[in-house]
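Throughout, read-outs are computed from the coordinates displayed, never taken from laboratory work. These numbers were taken from a predicted model, which means no experiment stands behind them. Neighbour counts are summed over all protein chains in view; Cβ atoms, including those assigned to glycine, are modelled from backbone coordinates with ideal geometry.
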Amino acid sequence: MEALGIANIQKWFVIGNFSNEWLPEASFENYIFVAYPMVYMALHPLAAALNDTLSGEGSRAGFMLSRRGKELYFPEGGIVAQGQEACGSALNATLGIALEDAENPLCLSSIADAVSLPSRAVFSYAPSAGVLALRTAWVAHQRERNPALRFPVSLPVVTSGLTHALAIAARLFADEDDEVMLFEPAWDNYQLLFGSECGARLRPVPLFHGGSLNVDGLRSALNAAGNKCILLLNFPNNPTGYTPTDAEARALAVAVRERAERGADTVVLVDDAYAGLVYEQGVFRESMAVLLGDLHERVLVAKIDGASKEEFAWGLRIGFLTFAGKGLTEAGMHALEQKAAGAVRASVSGSCNLSQHLLLKAFASPEYAAERRAHAATLERRYHACVRILGERRRHDLFEVLPCNSGYFLCLRLTDGILADRVRLLLLERFGTGVIALPGNLLRIAFSAVPEDQIALLFSNIVSACEEASGT
Ligand SMILES: Cc1ncc(COP(=O)(O)O)c(C=O)c1O
């Protein structure tokens, strides 16, 4: 083994395990058996070192990485890192940017004049893992917004939007044929991210059973899954706008713990895109990460969140990827951050520096908190207008409203025989109204985007289009 440049058997397993076989407590012979038919591939020593840190952990994080996740590392000592070390030198000839003087980028005033931030914050590159002040501020915000987040979490790695954070999580954890459990209906991009990009198999579980969260359905799916699986949770849910009640959230966490206690590993990806937008009493108001991030050594949480919806800044393209897990030490969390930063470096190199500094500027603004509250209240009023109008409607035979209590959207399941896409097209052509038709004969209504005084008209148009499509 040493002759192959491989320091120990565990690394050899890491290099050789392309079989997707699960060998939880594999013996020396198992490793040989798995590695024997494999094509040898060099593992970068930095990746091997991160893997060593993770497999020496109390948590099972090292074993939950995908093959590509095991190969990831951040190039410490590379160009980016050497450039960072030289930051502040009187003469700095490391940077891949053009400087005017020691301080300022050689930038175009026609761009600089449009932004009231120092040119360095606008034009220079941000570190691959993100601007440190923003990463620290984001954890502080998350702890404030989730008072039960009292256990250690990693520093968030900044990504170019939540989709990018999900893509990195998929790369870190999802191997071909891995099972990804998720409630359905779900955001359609998950199929591309996990299915098309990683070859994982999506296992949808119906979101509702008898008007409540289908915890039993999820428990059965988790029971039936192999020794490693990925659970993808998204509340408030896109497209239904549903968030579990307090009791449902706790029952869901129990189902995950039961699986862990049976000796199976679960990577839980918590997509908190619409965090904080909850409009009814008794609904779980914190991230599911608070119930799962310190639950069991066999449960690893990757929390995906960001500025897009939480800060009403969709086009800034700032997301965050944060790790937590019982038994995960500071060194283990740092190893995961390094791997995620490596994935950022290999995809977009670094996220937008201007966007990161705009957010930091907003966080420091005395108006920031009140502005966020006011926007959330606007969405809440629109939600209640929908609930009121749908409650008053006469034609109950046209559609059923799926349970909804949060987020941006609600879903109507159209009665059999009234086709969602036909209604969508009628709405566009005859009523100047746009909605989304989804599989399951659903119409997704983004009440987030419709002024309160037009919500009655929106639903009146929908009812008219449904009547027309049904021939009544
Ligand atoms: C559930 C969910 N996750 C993630 C995203 C992606 O967010 P971003 O625009 O930051 O990539 C969306 C966007 O619509 C979403 O609905």
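Restricting attention to the chain, lysine pairs at least eight places apart or on different chains and with alpha-carbon atoms under 18 angstrom apart total 8. Each of T329, T322 was scored by other Cβ atoms within 10 Å of its Cβ. Listed from fewest to most, they are T329, T322. Counting other Cβ atoms within 10 Å as a rough exposure proxy, the listed residues V290, V254, V267 run V254, V290, V267 from fewest neighbours to most.
According to the calculation over all Cα-Cα pairs in the chain, the P(r) per 10 Å bin from zero is 4, 18, 27, 24, 17, 8, 2, 0 %.
Starting from the Cα gyration tensor of region 369-470, take the square roots of the eigenvalues, sort them a ≥ b ≥ c, and report rounded, prolate or oblate (rounded when a/c is under 1.5, otherwise prolate if a/b is larger than b/c, else oblate). In terms of gyration-tensor shape, prolate.
Dipole check for region 369-470: with +1 at the C-beta of Lys and Arg, -1 at the C-beta of Asp and Glu, and the Cα centre as origin, the magnitude is about 220 Debye. When the helices of the chain are scored as -39500 (n - 2.57) per DSSP H run of n ≥ 4 and the total is divided over every residue, the value at 222 nm lands at -12000 deg cm²/dmol.
As a proxy for reagent exposure, ranking H164, H334 by other Cβ atoms within 10 Å from fewest up yields H334, H164. Using the Cβ-Cβ distance between V463 and W314 with R0 set to 25 Å, the FRET efficiency from 1/(1 + (r/R0)^6) comes to roughly 0.25. Note on E258 and T136: their simple-model spin labels are 4.4 nm apart, each label 7 Å out from Cα toward Cβ. Around the Cα centre of the chain, unit charges on the Cβ atoms of Lys, Arg, Asp and Glu (plus for the first two, minus for the last two) sum to a dipole of about 520 debye. Hydrodynamic radius of region 128-364 by the Kirkwood approach over all distinct alpha-carbon pairs: 17.7 Å.
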